[in-house]
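Working notes for the structure below.
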Amino acid sequence: SDGSIRLHQMTSEYPLMQWNDSTNGQPVIALQWAVTRPSVFFVLDAASNIYIWDLLENDLLPVAKQTVPSENVVAMAVLGEPEKPSGSLGIVLAKECGQIDIQCVKKKWALP
């Protein structure tokens with residue numbers, strides 16, 4: 001609820017990494033790992049901002065931020081085919097009005 005994100009290892013109750021205020025204090029609505037690239041994850045906050053994290057590129061801050069204009073996004077899911085080397089990756093966004101948007105992710109964050 002405070003915008004912090006924690007990365008845990010399954011064998012420990014203590015986080016390996018913790019990013020406080022990673023969404024400028026906005027609550028985190030969803031967090032999804034990329035299915036094609038294990039170092040990348042996506043965060044959706046309550047202000048309809050999507051943050052892209054690539055831990056191999058920068059483990060302190062997100063590598064990109066995208067604001068979804070005009071309508072509140074209430075849910076997010078990540079699509080991809082990890083068994084295919086093409087690295088196709090997409091984000092599905094469900095908006096408050098009931099509309100669904102599918103966004104393609106740049107290859108640099110999708111390739112295995």
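Each reported figure results from applying straightforward, stated rules to the coordinates on display, with no laboratory input. Predicted, not measured: the structure shown is a model, and the values here were computed from it. When we count neighbours, we look across all protein chains shown, and the Cβ atoms used for this are built from the backbone with ideal geometry, even at glycine.
Some points to look at:
- Cα extents for the chain along the principal axes, largest to smallest and rounded to whole angstrom: 39, 36, 23.
- Residues of type lysines that LYS107 reaches as a straight line, Cα spacing below 24 Å, ignoring anything fewer than 8 places off in the same chain: LYS65, LYS84
- For LEU31 and GLN66, the FRET efficiency from 1/(1 + (r/R0)^6), where r spans their Cβ atoms and R0 equals 22 Å, is about 0.90.
- Mean separation of Cα contacts under 8 Å (6+ apart) over length of the chain, as relative contact order %: 19 percent
- Relative to one another, the C-alpha centroids of region 33-80 and region 1-20 are positioned 17 Å apart.
- The simple spin-label model puts a point 7 Å past each Cα toward its Cβ; for GLU57 and GLN103 those points are separated by 1.3 nm.
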